[in-house]
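Q: Just passing along the structure, written as structure tokens.
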Amino acid sequence: MKWIRSVLILTVVAALPAFAADRTFELTGWAARVDTNSDGTFNSPAPNQPFNINFDGKTGYGAGVNIFFGNRISLAVDAVEVRRKSTLKPIPLITTASFSAGSSRMTTLSSVLQFHFIPSGTIDPYIGAGAAYVLFDNVNGRGNLNVSSIDFKDDVGLALNGGIAFRITPHIALTADGKYVPLKSSAKAVYASGSTTAKVKVNPVIFSGGLTLRF
């Protein structure tokens with residue numbers, strides 16, 4: 001994809017200056033809240049009825065490394081994993097009942113080129129953009145919708161990033177970070193009598209807080 005190539009080119013260009021004098025890289029352990037903003041409709045084959053699928057936001061954990069090129073430019077590579085709870089709702093809703101489909105793992109791997117506004121300050125705000133690769137575990141079906149499983153395809157998308165770091169000591173900081181990854185994942189609902197495929201909006205918003213070690 002063109003925008004992925006553009007990010008890689010910008011990364012190479014940013015690597016040309018000498019490393020910053022105050023830090024060359026950072027390691028961060030994240031506690032993350034992921035809101036998946038998910039929805040999708042499966043038009044199931046007869047005699048099964050169509051249904052919506054939604055995911056609840058969950059808290060997970062992750063880690064990352066941030067490599068500095070020059071004083072203001074860095075490349076942040078992060079991984080965050082959460083277990084999301086799935087809910088299936090029949091269409092049309094004859095009742096208000098919904099069915100839990102259990103939980104499954106979602107792992108987001110991101111690579112973002114960041115610009116730091118006050119790199120040597122006690123408070124260091126930044127913005128960035130790059131790419132994210134999202135991995136999904138399959139969802140096991142439950143309830144009376146005759147769904148045995150929902151199989152999600154891993155997907156890649158744009159990652160928009162912003163955050164702020166609060167320096168405690170020259171080598172320790174607290175970092176608050178946010179990422180938005182707009183994408184649609186192809187998903188297949190498997191029934192006893194067949195299967196159907198739909199595009200499911202995922203669009204995770206990842207709010208993270210972490211302890212950062214600077215080197």
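Q: Tally up the residues in the range 183-215 that are surrounded by fewer than 21 Cβ atoms within 10 Å (Cβ to Cβ) and out of contact with any Pro (no Cβ under 9 Å at 6 or more places or on another chain), please.
A: From the range 183-215, those surrounded by fewer than 21 Cβ atoms within 10 Å (Cβ to Cβ) are 183-186, 188, 190-199, 201, 203, 205, 207, 209, 211, 213-215; that's our starting set.
The next check asks that each one be out of contact with any Pro (no Cβ under 9 Å at 6 or more places or on another chain); those that pass are 184-186, 188, 190, 192, 197-199, 205, 207, 209, 211, 213, 215.
Qualifying residue count for the region: 15.
Q: Also, quick follow-up: Can you find a residue that is small (Gly, Ala, Ser) and modelled with pLDDT of 75 or more anywhere in the range 83-104? Walk me through how you get there before you give the answer.
A: Going through the range 83-104, the residues small (Gly, Ala, Ser) turn out to be 86, 97-98, 100-104.
Narrowing further to those that are modelled with pLDDT of 75 or more: 104.
Checked against the condition, which is being small (Gly, Ala, Ser) and modelled with pLDDT of 75 or more, the range 83-104 yields at least one hit.
Q: Out of ASP124, ASP177, which single residue is among the charged types (D, E, K, R), without any contact (Cβ under 8 Å) to a residue 60 or more places away in the chain and part of a strand (DSSP E or B)?
A: Values: ASP177 fails: without any contact (Cβ under 8 Å) to a residue 60 or more places away in the chain.
Of ASP124, ASP177, the one residue that is among the charged types (D, E, K, R), without any contact (Cβ under 8 Å) to a residue 60 or more places away in the chain and part of a strand (DSSP E or B) is ASP124.
Q: So LEU211 clears everything in (1) touching a Ser or Thr at 6+ places or on another chain (Cβ under 6 Å); (2) closer than 24 Å to ASP22 by Cβ except one condition, right? Which one?
A: So LEU211 meets the others, but not (1).
Q: Continuing with this model, one more query. Test each condition in (1) modelled with pLDDT of 95 or more; (2) surrounded by fewer than 16 Cβ atoms within 10 Å (Cβ to Cβ) for ASN138 and report the one that comes out false.
A: Against the list (1) modelled with pLDDT of 95 or more; (2) surrounded by fewer than 16 Cβ atoms within 10 Å (Cβ to Cβ), ASN138 comes up short only on (1).
Q: Of the numbered conditions (1) modelled with pLDDT of 90 or more; (2) farther than 17 Å from LYS201 by Cβ, THR108 satisfies every one except a single condition; which is it?
A: (2)
Q: Now a separate question. Please go through the range 182-215 and give me each residue that is under 21 Å from the mean Cα position of the chain (by Cα) and part of a loop (DSSP other than H, G, I, E, B), ordered by number. Show your work before the answer.
A: Looking only at the range 182-215, we keep the residues that are under 21 Å from the mean Cα position of the chain (by Cα), and these are 182-188, 198-212.
Answer for the range 182-215, where residues must be under 21 Å from the mean Cα position of the chain (by Cα) and part of a loop (DSSP other than H, G, I, E, B): PRO182, LEU183, VAL202, ASN203, PRO204.
Q: Quick check: anything in the range 53-66 modelled with pLDDT of 90 or more, among the aromatic types (Phe, Trp, Tyr), closer than 22 Å to ALA165 by Cβ and surrounded by 21 or more Cβ atoms within 10 Å (Cβ to Cβ)?
A: Initially, the range 53-66 is screened for residues modelled with pLDDT of 90 or more, giving 60-66.
Adding the requirement that they be among the aromatic types (Phe, Trp, Tyr) leaves 61.
From what is left, the residues that are closer than 22 Å to ALA165 by Cβ are 61.
Add one more test, that the residue is surrounded by 21 or more Cβ atoms within 10 Å (Cβ to Cβ), and what stays is none.
No, that holds for no residue.
The values are calculated or read from the model by the stated rules, or taken from the named source; none is laboratory data. Please read all numbers here as calculations on a predicted model, not as lab measurements. Ideal geometry is used to build each Cβ from the backbone, glycine not excepted, and the neighbour counts take in all protein chains shown.
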